[in-house]
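Note sheet for the following structure.
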Amino acid sequence: MKLSELAKGSSVMLGVIVAGYVSTTYVDQRFATSSAPAQTNSPEGSACVEADGSWKNWPWPNVPALSPKCR
């Protein structure tokens, strides 16, 4: 292995590490501090599907499959 190959590999690895850190920080700031109410384990706080197909009590964009219909 030549010194130039080692330098290229090291710079790519450093770039990947920095990009991963920056993207993790962005995701934490963007999605972790939402103003949505905290989820509880009570039945009225669980995710459910309304009659029109919308979701209730689920603040995140990804929705669990097979959630029950709301009462």
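Numbers at a glance
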read-out	value
Within straight-line cross-link reach of Lys69, lysines at Cα separation under 24 Å, skipping those fewer than 8 residues along the same chain	Lys56
Order by protection proxy (mean Cβ within 10 Å, highest first), peptides 10-17, 46-53	46-53, 10-17
Difference of contour (0.36 nm per residue) and Cα-Cα distance, Leu3 to Thr25	4.6 nm
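Read the figures in this text as sums done on the coordinates, not as results from a lab. If you're wondering where the values come from, they're calculated on a predicted model, not measured in any experiment. For neighbour counting, all protein chains shown are included, and Cβ atoms are generated from backbone atoms with ideal geometry for every residue, glycine included.
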